[in-house]
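Undergrad: Please see the structure below; I have some questions.
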Amino acid sequence: MPTIITHAVVPLIVGAALGRRCISARLLIAGAVLAALPDLDVVSFKLGIAYTDTWGHRGASHSILFALAISCLVSLFHKSLQTSPGRCIGFLFLAALSHPLLDACTDGGLGVALFWPFSDLRWFMPFTPIEVSPIGLTRFLSQRGWAVMQSELYWVWLPTLGLAAAILAGRGLWPAKRS
Ligand SMILES: [Zn+2]
């Protein structure tokens, strides 16, 4: 997996670039939470569930169906998130889906069960440039943590910032016009 911070940063940067009128602050935070949420499945290791199991790490929680279900569920509270139901589901679904799609670009571990429950196949993108992060903070800090962060900065943060710049340019806000 990319680190949980990197997962959360993607919707934060994109949502912030879209602006408060489009994505409320509360919706932005909900998007960041949902983008990080699938990796709660690492508790499966503690519960003795095999990595390869449907309910193991990168299993059902990393599927399109899970992203859709969790975004629909949270969208029941769209009023609290100060947004419309459609915008709420749309943003949260993309935020949640970004998680397995990024995991599928990593160079290690098992792939993601993106098409669960139709298929249990663990799936990778054809291009896997992101260095996989060791599971667990201690291992992350003691093993190749910096190399992983560099890889994520290059392959996730930079393209996301590029997308944000394109959105800002599309909104006529960047680069700032001088008069
Ligand atoms: Zn993950």
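Undergrad: Which members of region 34-59 meet the condition of being away from the ligand (no atom under 12 Å from the Cβ) and within 18 Å of V156 (Cβ to Cβ)?
TA: Across region 34-59, the qualifying residue is only L34.
Undergrad: From the list L110, L18, L81, exactly one residue is of a type in the set (A, V, I, L, M, F, W, C) and either within 16 Å of the chain's Cα centre (by Cα) or under 30 Å from A147 (Cα atoms) (or both). Which is it? Quick ask: steps written out before the conclusion?
TA: Values: L18 fails: either within 16 Å of the chain's Cα centre (by Cα) or under 30 Å from A147 (Cα atoms) (or both); L81 fails: either within 16 Å of the chain's Cα centre (by Cα) or under 30 Å from A147 (Cα atoms) (or both).
Answer to the check: L110.
Undergrad: Scan (1) at pLDDT 95 or above; (2) surrounded by 14 or more Cβ atoms within 10 Å (Cβ to Cβ) for the single condition L158 breaks and write down its number.
TA: Every listed condition holds for L158 apart from (2).
Undergrad: Then there's this: Being of a type outside the set (F, W, Y), part of a loop (DSSP other than H, G, I, E, B) and either in contact with a Cys (Cβ under 7 Å, 6 or more places away or on another chain) or surrounded by fewer than 18 Cβ atoms within 10 Å (Cβ to Cβ) (or both): is that true of L173 here?
TA: On the way: of a type outside the set (F, W, Y): yes; part of a loop (DSSP other than H, G, I, E, B): yes; either in contact with a Cys (Cβ under 7 Å, 6 or more places away or on another chain) or surrounded by fewer than 18 Cβ atoms within 10 Å (Cβ to Cβ) (or both): yes.
Against the criterion (of a type outside the set (F, W, Y), part of a loop (DSSP other than H, G, I, E, B) and either in contact with a Cys (Cβ under 7 Å, 6 or more places away or on another chain) or surrounded by fewer than 18 Cβ atoms within 10 Å (Cβ to Cβ) (or both)), L173 qualifies.
Undergrad: Moving on to the next point. Could you tell me how many of the residues in region 58-70 are over 13 Å from the mean Cα position of the chain (by Cα), assigned to a helix (DSSP H, G or I) and among the small types (G, A, S)?
TA: Of the residues in that region, 2 qualify.
Undergrad: Something else: Please go through region 118-142 and give me each residue that is surrounded by 13 or more Cβ atoms within 10 Å (Cβ to Cβ) and either touching a Ser or Thr at 6+ places or on another chain (Cβ under 8 Å) or part of a loop (DSSP other than H, G, I, E, B) (or both), ordered by number.
TA: D120, R122, F124, M125, T128, I130, E131, V132, S133, P134, I135, F140 - these are the residues of region 118-142 that are surrounded by 13 or more Cβ atoms within 10 Å (Cβ to Cβ) and either touching a Ser or Thr at 6+ places or on another chain (Cβ under 8 Å) or part of a loop (DSSP other than H, G, I, E, B) (or both).
Undergrad: Could I ask something else about it? Look at I4 and say whether it is surrounded by fewer than 21 Cβ atoms within 10 Å (Cβ to Cβ) and either away from the ligand (no atom under 12 Å from the Cβ) or farther than 21 Å from T128 by Cβ (or both).
TA: Here the answer is no, as I4 does not meet what is asked.
Undergrad: Please go through region 7-37 and give me each residue that is closer than 10 Å to S98 by Cβ and either in contact with a strand residue (DSSP E or B) (Cβ under 9 Å, 6 or more places away or on another chain) or not in a helix (DSSP H, G or I) (or both), ordered by number.
TA: none
Undergrad: Also, I was wondering about something else. Go through (1) assigned to a loop (DSSP other than H, G, I, E, B); (2) touching a residue at least 40 places away in the same chain (Cβ under 8 Å); (3) within 28 Å of G19 (Cα to Cα) and name the single condition Y51 misses.
TA: (3)
Undergrad: Within the group L114, L81, L102, which residue is of a type in the set (A, V, I, L, M, F, W, C) and either without any contact (Cβ under 8 Å) to a residue 40 or more places away in the chain or away from the ligand (no atom under 16 Å from the Cβ) (or both)?
TA: One residue alone meets the criteria, L81.
Undergrad: Whether any residue in region 97-113 is part of a loop (DSSP other than H, G, I, E, B), surrounded by fewer than 14 Cβ atoms within 10 Å (Cβ to Cβ) and either out of contact with any helix residue (DSSP H, G or I) (no Cβ under 7 Å at 6 or more places or on another chain) or modelled with pLDDT of 95 or more (or both) is what I want to check.
TA: Taking region 97-113 as the starting set, the residues that turn out to be part of a loop (DSSP other than H, G, I, E, B) are 104-105, 107-111, 113.
Now restrict to residues that are surrounded by fewer than 14 Cβ atoms within 10 Å (Cβ to Cβ): 107-108.
Now restrict to residues that are either out of contact with any helix residue (DSSP H, G or I) (no Cβ under 7 Å at 6 or more places or on another chain) or modelled with pLDDT of 95 or more (or both): 107-108.
So far as region 97-113 goes, yes, one or more of its residues are part of a loop (DSSP other than H, G, I, E, B), surrounded by fewer than 14 Cβ atoms within 10 Å (Cβ to Cβ) and either out of contact with any helix residue (DSSP H, G or I) (no Cβ under 7 Å at 6 or more places or on another chain) or modelled with pLDDT of 95 or more (or both).
Undergrad: Name the residue that is surrounded by the fewest Cβ atoms within 10 Å (Cβ to Cβ), counting only residues in region 40-63 that are out of contact with any strand residue (DSSP E or B) (no Cβ under 7 Å at 6 or more places or on another chain) and either within 20 Å of F91 (Cβ to Cβ) or of a type in the set (G, A, S) (or both).
TA: Going through the qualifying residues, I end up with G48.
The values are calculated or read from the model by the stated rules, or taken from the named source; none is laboratory data. These numbers were taken from a predicted model, which means no experiment stands behind them. Don't worry about glycine lacking a Cβ; one is built from the backbone with ideal geometry, like all the others, and counts go over all protein chains shown.
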